[in-house]
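Shown below is the structure under consideration.
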Amino acid sequence: DEEDLKEFVDERNKALAASLADRLNCDVPDTIVTNQARDKYSLMMTDFRDNGMADEEIKKMISPENFLKYKEIEKPDIVRDFKVSMATDEIARLEGIEVPSNAVDEQMANLRKEAGDDEFDEAKIRPNVESTLLRRQVFDFLNEHSSLEVEYVDEDGEFDEQMMSKLAEESLEREKQLAEKEAAEAAAAAAAT
């Protein structure tokens, strides 16, 4: 039912993104891959520093050889993300999907509150927020206007009987509550006539 589906939106979006990337056949320029890898590499080094790694150790890690290794490792993800961005932007353009400015403003206000005003670079963050919200809207559009087949894959090869029992109980309880509500509405309608 609909409540169960809400839990799986992230997984649905990952599957849609993978499908879009697979269907889009284009070459991604190496400059884009290099620039994205450089940004991600820089963020990784910043995270290391923020997590307490000594500057001397970080400096030892920063080398052309390490960057090239990192770039090769990250390249498939960067290419996939680029293709997904291209596809979602084009779908949004063709279908007239736009992100309402109030949704962007609301998200920006939440991020500003979390980060604190002194650390917040709105000019840098706003395009990312707009892009993320647009991607979500495109995925919702694709979900509504396509026929998706759900394939349950157990990643570790084991069946979680307890989780399935819990899901079944929750689903049965919701169905029972819905049936009771419908019966009460029918009884009220019959009494009113």
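The values are calculated or read from the model by the stated rules, or taken from the named source; none is laboratory data. It should be emphasised that the depicted structure is a prediction, and the values quoted were computed from it without experimental measurement. Reconstructed Cβ throughout: ideal geometry from the backbone, glycine too, with neighbour counts over all protein chains shown. Note: accessible area is taken over every heavy atom of the protein model, side chains too, but ligands, DNA and RNA are not part of it. Shrake-Rupley method; radii C 1.70, N 1.55, O 1.52, S 1.80 Å.
Read through the list (1) within 27 Å of R136 (Cα to Cα); (2) assigned to a helix (DSSP H, G or I); (3) open to solvent by 40 Å² or more (accessible area, probe 1.4 Å), then give the number of the only condition that N25 fails.
(2)
Of everything in segment 75-107 that's open to solvent by 60 Å² or more (accessible area, probe 1.4 Å) and of a type in the set (S, T, N, Q), which residue is farthest from P29 (Cα to Cα)?
N102
Out of all the residues in segment 123-131, is one or more exposed (fewer than 11 other Cβ atoms within 10 Å of the Cβ) and closer than 21 Å to S146 by Cα?
No; the residues of segment 123-131 include none that is exposed (fewer than 11 other Cβ atoms within 10 Å of the Cβ) and closer than 21 Å to S146 by Cα.
Filter segment 131-182 for residues that are among the hydroxyl-bearing types (S, T, Y) and at pLDDT below 85 and give the result.
S146, S147, Y152, S165, S171 - these are the residues of segment 131-182 that are among the hydroxyl-bearing types (S, T, Y) and at pLDDT below 85.
Counting only residues that are acidic (D, E), within 30 Å of D140 (Cα to Cα) and either more than 27 Å from the chain's Cα centre (by Cα) or surrounded by 15 or more Cβ atoms within 10 Å (Cβ to Cβ) (or both), how many does segment 28-74 have?
1
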